[in-house]
Amino acid sequence: MSDIWESKIQAPFNEEQVQKLNEYQQNKSFHPYTCGGGYGCCKRDISYAATKDGWICPCGVYTQNWAHTVTQDTSKIKCV
Ligand SMILES: [Zn+2]
């Protein structure tokens, strides 16, 4: 059985990917991608926003250029 969290997509993201990533962030069923600055830079639970160039934190400091492929098809995410 393959792990759905092993596969990743890399920025730049296309428009559809950006839209799905932001939908993922809004979905309360999933843990959102959050700032790499953690407790130092950002308060807890500050979520990244997806852009074509990758994730960017509202703090403007931290970014991330990849996401898990499964964010593009969340029907594959199952609770265990
Ligand atoms: Zn931040």
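Pick out, from Asn27, Thr74, Ile4, the residue whose Cα sits farthest towards the positive end of the charge dipole of the chain, with +1 on the Cβ of Lys and Arg and -1 on the Cβ of Asp and Glu.
So the residue furthest toward the plus end is Asn27.
Suppose every Lys and Arg Cβ carries +1 and every Asp and Glu Cβ carries -1, with no other charges. What dipole size does the chain come out with about its Cα centre, to the nearest 20 debye?
For the chain, the charge dipole is close to 240 debye.
In whole Å, how far is the Cα centre of segment 1-34 from that of segment 48-80?
Between the Cα centre of segment 1-34 and that of segment 48-80, the gap is 4 Å.
Name the residue farthest towards the positive end of the dipole of the chain from the options Gly60, Ile46, Gln17, assuming +1 on Cβ of Lys and Arg, -1 on Cβ of Asp and Glu, about the Cα centre.
Sorting the options by dipole projection puts first Ile46.
Looking at the chain, which longest stretch skips every one of the trypsin sites (Lys or Arg not before Pro) that is in a DSSP loop with at most 12 other Cβ atoms within 10 Å, leaving the sites themselves out?
The longest such stretch corresponds to 1-27.
Per residue of the chain, what 222 nm ellipticity follows from adding -39500 (n - 2.57) for every DSSP H run with n ≥ 4, rounded to the nearest 500?
Calculated from helices alone, the mean residue ellipticity at 222 nm is -5500 deg cm²/dmol.
Which lysines have a Cα lying under 28 Å from the Cα of Lys43, excluding residues fewer than 8 positions away in the same chain?
Qualifying lysines at Cα under 28 Å: Lys8, Lys20, Lys28, Lys52.
Over the C-alpha atoms of the chain, what are the Rg and the largest Cα-to-Cα span, Dmax, in Å?
Both quantities, over Cα of the chain: 12.6, 38 Å.
Values quoted throughout were computed directly from the atomic coordinates according to the rules given, and no laboratory measurement underlies them. In this text, all values refer to a predicted model and were calculated from it rather than measured experimentally. When we count neighbours, we look across all protein chains shown, and the Cβ atoms used for this are built from the backbone with ideal geometry, even at glycine.
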